[in-house]
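Participant: Just dropping this structure here.
What follows is calculated from the coordinates using simple rules that are stated; it is not laboratory data. Everything quoted here is computed from the prediction, not taken from an experiment. Positions of Cβ are backbone-derived with ideal geometry, glycine not excepted, and every protein chain shown enters the neighbour counts.
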Amino acid sequence: MKHISRNAAYMILRQFDSIVSPAEIYAWCWEHKKVELMVGMREYVWNRLEGRPFVAENPAKAVEASALTQDERLQTAIKQLIPQPSAKTVM
């Protein structure tokens, strides 16, 4: 779906809207206590009204954050550079 043209997306949205309106979806969410969906819909429409663009998170950013714990070479280097506490001898 991410590679469809704008015209194809418009036609798909017209088909969706012919089935049920956004107001009916919101009412269904209210009746079924789906507050998180209602808030999400309202926030999305409000952002469009205010002209705020949709900002997607970069998936590579999340991978970079966990690279420190997943890279064994880094973990080995850290163990070599940071002195480990020596065991106390009991007399």
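Participant: So between Ala56 and Trp30, what do we pick up on full extension, going 0.36 nm a residue minus the alpha carbon distance? Working shown, then result.
Facilitator: Values: separation 26, 0.36 × 26 = 9.36 nm, distance 2.73 nm.
Net length gain for the segment: 6.6 nm.
Participant: I've got another one for you. Taking the Cα-to-Cβ direction at Gln80 and at Val45 and moving 7 Å from each Cα, how far apart do the two end points lie in nm?
Facilitator: The two pseudo-label positions are separated by 6.1 nm.
Participant: Further question on the same structure: For the stretch 71-82, take each phi angle, set θ = phi - 60°, evaluate the Karplus expression 6.51 cos²θ - 1.76 cosθ + 1.60, and give the result in whole Hz per residue in order, putting x for glycine and proline.
Facilitator: 8, 5, 5, 5, 4, 5, 5, 5, 5, 6, 7, 9
Participant: Ok, one more. Work out, step by step, the length gained on full extension between Glu72 and Arg6: first 0.36 nm times the residue separation, then minus their alpha carbon distance; give nm to one decimal.
Facilitator: Values: separation 66, 0.36 × 66 = 23.76 nm, distance 4.50 nm.
Going from the current span to full extension adds 19.3 nm.
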